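Engineer: What follows is a structure written as structure tokens; I'll ask about it next.
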Amino acid sequence: MKTSTNLLLLLLGISFCQFANAQESVKPYHEQYRPQVHFSPKAHWTNDPNGMVHFKGTYHLFFQYYPSGTTWGPMHWGHAISKDLLHWNELPIALYPDSLGYIFSGSAVVDSNNTSGFGKNGKTPLVAIFTHHDPKGEKAQKDNFQNESLAYSLDEGRTWTKYAGNPVLKNPGIRDFRDPKVMWYAKEKKWVMTLATKDHITFYSSPDLKSWKKESEFGKEVGAHGGVWECPDLFPLSLNGKTYWVLIVNLNPGGPNGGSATQYFIGQFDGKSFTAIDNKTQWLDYGPDEYAGITWSNTGNRKIFLGWMSNWDYANQVPTVKWRNAMTIPRELSLFEFEGTLYVKSTPVKELRFVEQKKTQSIVSKLPERLPGQCFVRLNVDHSVDCSITLSNQKGEKLIIGYDKSKDQYFIDRTKSGKVDFAKNFSRIAYAPRFSKTKESEIGLLIDRSSVELFADRGRTVMTSIFFPSAPYEHIDLKSLRITQLIPLNGIW
Ligand code: FRU
């Protein structure tokens, strides 16, 4: 009896070790579903991109991060840097929670004129402006537990000092009072903060990042209000020699395909208030999986956008093991006009070419035997018929991306894409309108291990969708469309 129990325990022990070894033997960044051309933290939970700033040739990406688990928890700012927006090097955690609370989302600026006085010995300070979220105040059902604070770095973001005078902007009694995005308004030599304040945006200004004055409010009665307004951004873009201001407002829930999404307004900003040209709701990305997207600061005329590639409907449940959630591909934003209305379009940053493999296939009739793990596919679409591209595996799991002529809409159908039942709202077909009338058009698809980003009509309609097949998709089937280019991509890790 004793011997057989020992034997059983021994066998159990051996199989456990084998299991543990199998898990450990997967190289970091190569686990199942790990994106190969998108940023994700080496381990643990992430949500919003934060503090994105370009400084001395380096792109900094901070991100909402919980270093002790793979679900949302007390927020820190993780940190990664890149020279080309594609290859990322994760650095130690930049900001830890403290007595004022968790470190929620925010932005970072290069304070070139040392308006803050944080600069010492001629060193230019990087200043982070973020929300301190006090969990105790939240628990006690107070309404002022979110306040805006500062931290600065004099060593190119490697170490950060929190400002002793935090918080610099106190909550006037609004439960949702967060995600400051700060920019330098050169015309009046002042900083402007765009802040999400529950169901509207409040603009503040400051000479030194430390003292803030309320300027105006925007949005209570316009745009989408299916949920709370979060993570805003404000910046100018030009079209045909005229400058317009774009106001980004992330919204959760209430997106066009359920849950979280990024809406925007186009208008004018005079240093005090924002006026929209029209009050139509516009979406930067119609897919279910781009959220909290904002732009890098200090990138000159280029406006580079990055979103979190997930959705609060199921972000805590997606079936990854070591880490949870990733960022979209960085995208360059610009304006276009369609039928008398201005819109924002997005295209993958040109740096994507740094990961393109030489053996680009220009295929017209012959499909590849096997879909590369990550690739960029260009398709030629004839809009007079329904058309689609299906990615599938031998288990019959499939992802369908297409154009529905009767609706004049693009769609991504992941209802049979693999694991879909880990959360109730994951299995869905997402639709998006078309903003062009041409008979033919080009679609670009950026396909990674567990995501696809659709850039239709050269970025006029964008959709991001994640998926979790039980084996990689290896086959492509085409219905009424033509692949003009298939570019395998090198992994970034
Ligand atoms: C958006 C958001 C922000 C907040 C952060 C907390 O996804 O809810 O409003 O600052 O996440 O992690």
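Engineer: Per residue of region 268-279, in order, report the coupling 6.51 cos²θ - 1.76 cosθ + 1.60 (Karplus, θ = phi - 60°) as ³J(HN,Hα) in whole Hz, putting x for Gly and Pro.
Structural biologist: Each residue's phi maps through the Karplus curve to give 10, 10, 10, x, 10, 9, 10, 10, 7, 5, 9, 9 Hz.
Engineer: Now for a separate question. In terms of Cα to Cα distance under 13 Å, which aspartates and glutamates are near enough to K187, apart from those fewer than 8 places away along the same chain?
Structural biologist: Once the sequence-local aspartates and glutamates are set aside, what remains near K187 is D270.
Engineer: If you consider only alpha-carbon coordinates, what radius of gyration and Dmax does region 396-436 have, in Å?
Structural biologist: For region 396-436, the Cα radius of gyration and maximum Cα-Cα distance read 11.7, 36 Å.
Engineer: For region 407-493, what mean projected area does the convex hull of the alpha carbons give, in nm²?
Structural biologist: Details: hull surface 28.6 nm².
Its Cα hull, projected and averaged over all orientations, spans 7.2 nm².
Engineer: If amide H atoms are built 1.01 Å from N in the plane of the peptide, which residues on other chains or at least 5 residues away come under 5 Å of the amide H of I277?
Structural biologist: Amide H to amide H, under 5 Å and 5 or more residues apart or across chains, I277 pairs with I266, G267, Q268.
Engineer: So how far apart, in nm, are the two label points at S68 and K358 if each is 7 Å from Cα heading toward Cβ?
Structural biologist: 5.0 nm
Engineer: Considering Cα pairs under 8 angstrom that are at least six residues apart, work out the relative contact order of region 375-493 and quote it in whole percent. Numbers along the way, then the final one.
Structural biologist: Values: 269 pairs, mean separation 44.5, N = 119.
For region 375-493, the relative contact order is 37 percent.
Engineer: Quick one: Karplus J couplings for region 229-234, per residue in order, coefficients 6.51, -1.76, 1.60, θ = phi - 60°, nearest Hz, x for Gly and Pro?
Structural biologist: 7, 9, 6, x, 7, 9
Engineer: May I pose another question? For K142, list the lysines whose Cα falls under 16 Å from its own Cα; do not include residues on the same chain fewer than 8 positions away.
Structural biologist: Correct list for K142: K170, K198.
Engineer: Could you report region 122-192's accessible area per residue, 1.4 Å probe, as an integer in Å²? Mind showing how you got there, number by number?
Structural biologist: Details: 3330 Å² over 71 residues.
Per-residue accessible area for region 122-192 comes out at 47 Å².
Engineer: Using 0.36 nm per residue, how much length does the chain from Q268 to K56 gain when fully extended, once their Cα-Cα distance is taken away?
Structural biologist: 73.3 nm
Engineer: Applying the Karplus parametrisation 6.51 cos²θ - 1.76 cosθ + 1.60 with θ = phi - 60° to the phi angles of region 292-305, what ³J(HN,Hα) value in whole Hz is obtained for each residue in order, glycine and proline being reported as x?
Structural biologist: 6, x, 9, 10, 6, 9, 6, 10, x, 7, 6, 10, 10, 10
Engineer: Using a 7 Å offset from the Cα along the Cα-to-Cβ direction at both S470 and K437, what is the distance between the two label points in nm, to one decimal?
Structural biologist: For the pair S470/K437, the computed spacing is 4.9 nm.
Engineer: Please list, ordered by chain and number, the residues whose modelled amide H lies under 5 Å from the amide H of S451; skip anything fewer than 5 residues away on the same chain.
Structural biologist: Amide H neighbours of S451: F467.
Engineer: Volume per residue, Å³, of the convex hull around the alpha-carbon atoms of region 149-237? Before the final figure, lay out each step's value.
Structural biologist: On the way: hull volume 12.4 nm³, N = 89.
Per-residue hull volume (Cα only) is 139 Å³.
Engineer: At 222 nm, what value in deg cm²/dmol follows for the chain if DSSP H runs of at least 4 each add -39500 (n - 2.57) and the sum is divided by all its residues, to the nearest 500?
Structural biologist: Details: 2 runs with 29 residues, N = 493.
Calculated mean residue ellipticity at 222 nm is -2000 deg cm²/dmol.
Engineer: With only alpha-carbon atoms counted, please give the Rg and Dmax of the chain, in Å.
Structural biologist: 23.3, 87
Engineer: Once you have the Cα-Cα distance between L100 and K42, take 0.36 nm times their residue separation minus that, and quote the gain in nm to one decimal. Before the final figure, lay out each step's value.
Structural biologist: Values: separation 58, 0.36 × 58 = 20.88 nm, distance 2.77 nm.
Going from the current span to full extension adds 18.1 nm.
Engineer: How large is the charge dipole for the chain, taken about the Cα centre, if only the Cβ atoms of Lys, Arg (+1) and Asp, Glu (-1) carry charge, to the nearest 20 debye? Walk me through the intermediate numbers first.
Structural biologist: Numbers: 58 positive and 49 negative charges, 122 e Å.
Using only the charged Cβ atoms, the result is roughly 580 debye.
Engineer: With a point put 7 Å past each Cα toward its Cβ, work out how far F338 is from S112 in nm, to one decimal.
Structural biologist: Spacing of the two 7 Å Cα→Cβ label points: 3.5 nm.
Engineer: Using modelled amide H (1.01 Å from N, peptide plane; none on Pro or chain starts), what sits under 5 Å from the amide H of K405, excluding residues fewer than 5 places away?
Structural biologist: Under 5 Å from the amide H of K405: D386, C387.
Engineer: Another question, then. Taking 30 Å as the cut-off for C-alpha to C-alpha distance, list the pairs among K210/K303; K220/K398; K162/K213; K139/K345 that go past it. Mind dumping the intermediate values first?
Structural biologist: Values: K210/K303 26 Å; K220/K398 41 Å; K162/K213 21 Å; K139/K345 41 Å.
From the list (K210/K303; K220/K398; K162/K213; K139/K345), the Cα-Cα distance tops 30 Å for K220/K398; K139/K345.
The values are calculated or read from the model by the stated rules, or taken from the named source; none is laboratory data. Only a predicted model underlies this, so the values are computations on that prediction, with no experimental measurement involved. When we count neighbours, we look across all protein chains shown, and the Cβ atoms used for this are built from the backbone with ideal geometry, even at glycine. Quick note on the areas: whole protein, heavy atoms, side chains included, nothing else; ligands and nucleic acids left out. Shrake-Rupley method; radii C 1.70, N 1.55, O 1.52, S 1.80 Å.
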